[in-house]
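The values are calculated or read from the model by the stated rules, or taken from the named source; none is laboratory data. Predicted, not measured: the structure shown is a model, and the values here were computed from it. Cβ sites come from the backbone with ideal geometry, for glycine too, and all protein chains shown count toward neighbours.
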Amino acid sequence: MVILLLFAVSVTNAQQISPEQAAKTADSLNKILAVTNNPLQRFNIINKLLLNDNGFSGKVDSALCIQQLQIAEELQSDSLLGTAYNWIGTYFSLNKGDNSTAMEYFFKGIPFAEKANDKRRISSLYFDLALVYTNIQNNEELLKYTRKGGENLPAASHPLYNYMLAQYLRCITTYFIRNNQPDSALHYAQAAEENGPKANSLVLEFAAHRLTAATYALAGEGMTSTGGLADLNKDGRITLDEWLRYAVQRLPSLSADVRLGKLASARGFDLGPQRVEAKPQEPALFDFTGKPSPTILRTGVK
């Protein structure tokens with residue numbers, strides 16, 4: 001069995017924007033870029049364009065990545081090189097689905113970010129690596145690089161601290177879901193819910209809501225001390241495949257409940273008031289390919 005944990009939208013660098021805002025912002029930035037000659041200023045404008053585009057489409061413009069790398073190499077700036085390699089890795093990960101090349105660029109960017117002592121960039125590179133290891137189903141490396149990112153979060157006073165913390169919480173919750181530890185996943189999902197509004201990223205808030213709904217479905221309903229609803233074929237056993245598939249089936253309605261504040265609690269924690277009102281995207285939480293898992297999580301289900 002192959003299980004890939006996916007998100008309906010990219011959360012790597014996304015910012016809280018609407019399609020209209022994204023278009024207006026891109027138009028304004030391109031006009032400024034066209035009349036800007038200073039290399040560092042051009043680099044920063046390109047970075048804003050990449051953030052804007054990624055936040056709306058979940059993709060990365062390769063032409064902008066090339067321009068950014070050329071500037072970073074011209075200026076020989078460790079900080080800029082770390083950022084440029086991060087974006088190129090994100091391009092290969094999101095646009096191409098090329099995990100190997102994505103990892104190559106993420107690893108290439110880490111020494112530059114470390115030389116610059118750029119905690120925001122160091123943590124970003126580690127969290128992006130964690131997501132790649134999620135895609136290739138390597139739970140131990142997912143946990144390893146999630147922890148490394150958590151150890152390198154920027155200071156709490158940094159303007160993007162909560163934004164980076166949201167990425168840590170997303171990755172660690174994902175690890176515990178994949179590692180069949182729903183109670184631990186719920187603990188971090190609660191923290192993600194609380195941090196969501198502070199991250200100033202609607203996409204990261206959606207990710208937190210989906211993970212909360214998924215962990216509630218797995219731990220609160222799917223498999224309980226008295227049985228569970230995840231016995232989809234009613235054979236008295238709950239397999240790992242069934243457990244995760246139940247979350248997929250339950251997620252759309254649960255996710256809506258979470259956003260509307262209809263779930264008062266999930267295994268003992270208060271989800272708190274929800275401020276996201278936009279209609280959710282159709283989620284793709286787990287993708288199953290290959291042979292079914294033989295792992296049986298519970299027998300004697302009634």
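Report whether or not Lys59 is assigned to a helix (DSSP H, G or I), over 16 Å from Tyr133 (Cβ atoms) and of a type in the set (Lys, Arg).
Working: assigned to a helix (DSSP H, G or I): no; over 16 Å from Tyr133 (Cβ atoms): yes; of a type in the set (Lys, Arg): yes.
No: the conditions fail for Lys59.
Counting only residues that are under 25 Å from Ala116 (Cβ atoms), of a type in the set (S, T, N, Q) and under 20 Å from the mean Cα position of the chain (by Cα), how many does the stretch 24-76 have?
Residues flagged as under 25 Å from Ala116 (Cβ atoms), of a type in the set (S, T, N, Q) and under 20 Å from the mean Cα position of the chain (by Cα) within the stretch 24-76 amount to 3.
Tell me which residues, restricted to the stretch 121-170, are within 18 Å of Gly89 (Cα to Cα) and touching a Leu at 6+ places or on another chain (Cβ under 7 Å).
Ser123, Ala130, Tyr133, Thr134, Asn135, Tyr145, Met164
Here is a check on your reading of the model: is Phe43 modelled with pLDDT under 75 and farther than 27 Å from Tyr175 by Cβ? Talk me through it step by step, then tell me what you get.
Values: modelled with pLDDT under 75: no; farther than 27 Å from Tyr175 by Cβ: yes.
It is false that Phe43 is modelled with pLDDT under 75 and farther than 27 Å from Tyr175 by Cβ.
Could you check Tyr91 against (1) over 18 Å from Leu49 (Cβ atoms); (2) touching a residue at least 24 places away in the same chain (Cβ under 8 Å) and say which number it fails?
Here Tyr91 meets the rest and fails (1).
For the stretch 72-121, which residues satisfy the criterion of being in a loop (DSSP other than H, G, I, E, B), within 16 Å of Tyr133 (Cα to Cα) and charged (D, E, K, R)? Steps first, answer last, please.
Filtering the stretch 72-121 for residues in a loop (DSSP other than H, G, I, E, B) gives 76-77, 97-98, 116-118.
Of the ones still in play, those that are also within 16 Å of Tyr133 (Cα to Cα) are 97-98.
Selection gives Asp98 alone.
Considering only residues that are under 14 Å from the mean Cα position of the chain (by Cα) and in contact (Cβ under 8 Å) with a residue 40 or more places away in the chain, look in the stretch 133-158 and name the one that is nearest to Ala185 (Cα to Cα).
Thr134
What's the number of the condition Gln137 fails, among (1) closer than 30 Å to Asn54 by Cα; (2) assigned to a helix (DSSP H, G or I); (3) at pLDDT below 90?
Tallying (1) closer than 30 Å to Asn54 by Cα; (2) assigned to a helix (DSSP H, G or I); (3) at pLDDT below 90, Gln137 fails exactly one: (2).
Need the failing condition index for Ala156 against (1) under 19 Å from Asp61 (Cα atoms); (2) part of a loop (DSSP other than H, G, I, E, B); (3) aliphatic (A, V, I, L, M), just the number.
(1)
Taking the stretch 159-179 on its own, how many of its residues are under 18 Å from Ser124 (Cβ atoms), part of a loop (DSSP other than H, G, I, E, B) and touching a residue at least 24 places away in the same chain (Cβ under 8 Å)?
Matching residues across the stretch 159-179 total 1.
Exactly one condition in (1) modelled with pLDDT of 90 or more; (2) of a type in the set (Val, Ile, Thr); (3) out of contact with any helix residue (DSSP H, G or I) (no Cβ under 7 Å at 6 or more places or on another chain) is false for Thr146; which is it?
Unmet for Thr146, out of (1) modelled with pLDDT of 90 or more; (2) of a type in the set (Val, Ile, Thr); (3) out of contact with any helix residue (DSSP H, G or I) (no Cβ under 7 Å at 6 or more places or on another chain): (3).
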